[in-house]
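The values are calculated or read from the model by the stated rules, or taken from the named source; none is laboratory data. From a predicted model like this one, the values you see are computed outputs, not experimental measurements. We place every Cβ from the backbone using ideal geometry, glycine too, and count neighbours over all the protein chains shown. Areas reflect the complete protein model, heavy atoms only, side chains present, ligands, DNA and RNA absent. Shrake-Rupley method; radii C 1.70, N 1.55, O 1.52, S 1.80 Å.
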Amino acid sequence: MVSKLRVLLGMLVLLALAVGAIVLLAALKAGAAWFTIVPLGILFVGASVIRSLGWFDKKAGG
């Protein structure tokens, strides 16, 4: 079973990183394609890494 609070916190952290990347890309005046590739990459790769580390799993006995 998945802990909803952990998923919410994990996704909020990843969303904040993606928004920060958008701000950084805007400051660097990057091309339009980067505004799609980088934030989606942060969300998808970050979620897979966090899930593979077991952070989204509910603790046994809790």
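General observations
- Looking at 18, 47, just one residue is in a helix (DSSP H, G or I), open to solvent by less than 50 Å² (accessible area, probe 1.4 Å), in contact with a Pro (Cβ under 6 Å, 6 or more places away or on another chain) and not aromatic (Phe, Trp, Tyr), and that residue is 18.
- Close pairs from the range 33-59: first over 15 Å from residue 22 (Cβ atoms) and basic (Lys, Arg), partner open to solvent by less than 90 Å² (accessible area, probe 1.4 Å) and not in a helix (DSSP H, G or I), Cβ under 7 Å, at least 6 apart: 58/2; 58/3
- Of all residues in the range 1-39, those satisfying the criterion of being farther than 25 Å from residue 54 by Cβ and of a type in the set (Val, Ile, Thr) are 19, 22, 23, 36, 37, 38.
- Residues of the range 3-36 that turn out to be within 28 Å of residue 57 (Cα to Cα) and not basic (Lys, Arg), as a count: 17
- The listed residues are 13, 7, 38, 23, and the only one of them that is hydrophobic (A, V, I, L, M, F, W, C) and surrounded by fewer than 12 Cβ atoms within 10 Å (Cβ to Cβ) turns out to be 23.
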